[in-house]
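These notes are about the structure you will find just below.
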Amino acid sequence: MAPGRLKIVVFGGFNAGKSTFVHALDSTARHIEARTEGGTTTVAFDFGRLTLLDQRVYVFGTPGQERFEFVREILSRGMDGAVIVVDATVGLDTTTLAVYTWLKEKQTPIAVMLNKCDLLGEMHGKLGDELSGETIHRISAQSGENVHAAMQAFVASLIA
Ligand SMILES: Nc1nc2c(ncn2[C@@H]2O[C@H](COP(=O)(O)OP(=O)(O)OP(=O)(O)O)[C@@H](O)[C@H]2O)c(=O)[nH]1
Ligand SMILES: [Mg+2]
């Protein structure tokens, strides 16, 4: 993207909290969703924008369901960085692991957000060794805890 602008794409499994994360960054974020039994699910994408460290940051949240791989592929074109949201109460699912491997092959800078930490208490989230080489930020997208700080740290690493 042009100098001063960053495109960041948010990946993660179904129900991990990607839409909530984008909304925590930009309360005016737009979202295309479908109703499900438990609530809603993203069928196209979330879009939010904010300014961090003098950068215009454009955040695209992808749909988590496996069948929307083509949407993830389209949204990821030209991205400067990728956020992977993992539900700390569930751990890393196979779809997200496949996305992670794909991002590593493309050498995309990655930040891992271990989400729903508000549900963990003193317990540690379920996260295997697969992401052990990555920076992992513990957040609660729902309460907003650590969301901005984590994103700012990621943006700082992208422009360094
Ligand atoms: N307790 C808790 N719940 C959360 C948190 N973040 C998201 N949730 C809940 O988790 C559910 C799924 O959140 P979404 O943001 O829709 O998840 P998503 O990853 O966008 O889901 P898909 O688009 O369907 O893949 C919702 O009921 C949220 O309220 C969090 O930090 N803590
Ligand atoms: Mg969503």
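What the table below lists for this structure:
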read-out	value
Tabulated pairs, region 96-120, first assigned to a loop (DSSP other than H, G, I, E, B), second open to solvent by 60 Å² or more (accessible area, probe 1.4 Å) and modelled with pLDDT under 95, C-beta under 7 angstrom, 6+ apart or interchain	none
Subset of region 63-107 that is of a type in the set (S, T, N, Q) and open to solvent by 90 Å² or more (accessible area, probe 1.4 Å) - its residue that is nearest to PHE45 (Cα to Cα)	THR94
Failed criterion for SER27 (all others in (1) touching a helix residue (DSSP H, G or I) at 6+ places or on another chain (Cβ under 9 Å); (2) assigned to a loop (DSSP other than H, G, I, E, B); (3) among the small types (Gly, Ala, Ser) hold)	(1)
Top-ranked residue in region 111-156 [being touching a strand residue (DSSP E or B) at 6+ places or on another chain (Cβ under 8 Å) and among the hydroxyl-bearing types (Ser, Thr, Tyr); ranked as farthest from MET79 (Cα to Cα)]	SER140
Considering residues of region 33-42 that are loosely packed, with under 14 Cβ neighbours inside 10 Å and not in a loop (DSSP other than H, G, I, E, B) only, the residue farthest from ligand 1 (Cβ to nearest atom)	ARG35
Complete set of residues in region 43-62 that are free of Cβ contacts under 8 Å to residues at least 60 places away in the same chain, open to solvent by 50 Å² or more (accessible area, probe 1.4 Å) and not in a strand (DSSP E or B)	ASP54
Criterion (farther than 12 Å from LEU6 by Cβ and not basic (Lys, Arg)) met by exactly one of GLY78, GLY91	GLY91
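The values are calculated or read from the model by the stated rules, or taken from the named source; none is laboratory data. A quick note: this is a predicted structure, and the numbers were derived from the prediction, not measured. Neighbour counts are summed over all protein chains in view; Cβ atoms, including those assigned to glycine, are modelled from backbone coordinates with ideal geometry. The accessibility values were calculated without ligands, DNA or RNA, using every heavy atom of the protein model including side chains. Shrake-Rupley method; radii C 1.70, N 1.55, O 1.52, S 1.80 Å.
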